[in-house]
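Working notes, structure below.
The values are calculated or read from the model by the stated rules, or taken from the named source; none is laboratory data. Computed from a predicted model, the values in this text were never measured in an experiment. Every residue, glycine as well, gets a Cβ built from its backbone with ideal geometry; the counts of neighbours run over all protein chains shown.
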Amino acid sequence: METILLDSDWVLVQGDERIPLPMEILGGAADRKLTFERVFSLEATDFCVRYRLHIDQLPEGASVYIGDLCIDEGAVGSLDTDVTDCLTLDDNRLIIHLLHGGAVSGIRLLQIACDENP
C-alpha cells in the first residue's frame with residue numbers, strides 16, 4: 001500500500017492571503033491563531049482502499065479538518081484516524097488550526113486495503 005506524505009507544500013492562511021511555507025514543520029508563536037492548508041488529489045485505485053490520516057505531532061488546541069469536516073478538535077500529541085469518507089478523487093483540503101501556536105509534523109495518508117485491519 002502507498003503512503004502519501006503531506007509534510008510539504010503547505011500555505012499559511014491569513015484572511016484571503018495564502019503564503020507558501022518552505023518548511024516541513026508547521027508552527028508558530030502562540031500570540032494568535034494560525035491556520036495552515038494543504039491541497040492534494042488522490043488517484044483512483046484498481047482495488048478497494050481506505051485512508052488513515054497520521055500526524056505524529058500536534059500541539060494543544062489543534063483542530064484538523066478535511067474541507068469543512070472536522071476530523072479532530074482539541075487534539076494533543078498525535079492523530080491516527082480513518083478519513084476515507086471525507087476524501088474525494090478531486091482536490092482535497094487538509095486544514096490545521098493552531099489555537100495556541102506550537103508545531104505540527106509527520107503528516108501523511110496511509111492507504112489500507114479494505115480487507116485489512118488498520
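Checking Val13 against (1) within 15 Å of the chain's Cα centre (by Cα); (2) in a strand (DSSP E or B); (3) surrounded by fewer than 12 Cβ atoms within 10 Å (Cβ to Cβ), only one condition comes out false. Which one?
Unmet for Val13, out of (1) within 15 Å of the chain's Cα centre (by Cα); (2) in a strand (DSSP E or B); (3) surrounded by fewer than 12 Cβ atoms within 10 Å (Cβ to Cβ): (3).
Of all residues being more than 21 Å from Leu89 (Cβ to Cβ) and basic (Lys, Arg) in the range 28-56, which is farthest from the chain's Cα centre (by Cα)? Just the residue, please.
Arg32
I'm told Gly102 meets every condition in (1) surrounded by 15 or more Cβ atoms within 10 Å (Cβ to Cβ); (2) closer than 17 Å to Ile66 by Cβ except one. Can you identify the failing condition by its number?
(2)
Since Gly61 meets every condition but one in (1) part of a strand (DSSP E or B); (2) surrounded by fewer than 17 Cβ atoms within 10 Å (Cβ to Cβ), which condition does it not meet?
(2)
Given Asp85, Asp56, Asp115, Asp7, which one is loosely packed, with under 14 Cβ neighbours inside 10 Å and either in contact with a strand residue (DSSP E or B) (Cβ under 7 Å, 6 or more places away or on another chain) or not in a loop (DSSP other than H, G, I, E, B) (or both)?
Only one candidate qualifies: Asp85.
Using the structure shown, decide if Ala62 is over 24 Å from Pro22 (Cβ atoms) and in contact (Cβ under 8 Å) with a residue 40 or more places away in the chain.
On the way: over 24 Å from Pro22 (Cβ atoms): no; in contact (Cβ under 8 Å) with a residue 40 or more places away in the chain: yes.
No; evaluated as a whole, the condition is false for this residue.
Taking only pairs six or more apart or across chains, which ones have beta-carbon atoms under 9 Å, a first residue in the range 94-118 that is among the hydroxyl-bearing types (Ser, Thr, Tyr), and a second residue that is at pLDDT below 85 and in a strand (DSSP E or B)?
Partner pairs satisfying both residue conditions: Ser105/Leu26; Ser105/Gly27.
Might you let me know whether the range 38-47 holds any residue that is surrounded by 17 or more Cβ atoms within 10 Å (Cβ to Cβ) and assigned to a strand (DSSP E or B)?
The answer is yes; a qualifying residue exists.
Does the range 22-37 contain at least one residue that is out of contact with any Leu (no Cβ under 6 Å at 6 or more places or on another chain), modelled with pLDDT under 90 and in a strand (DSSP E or B)?
Yes: one or more hits.
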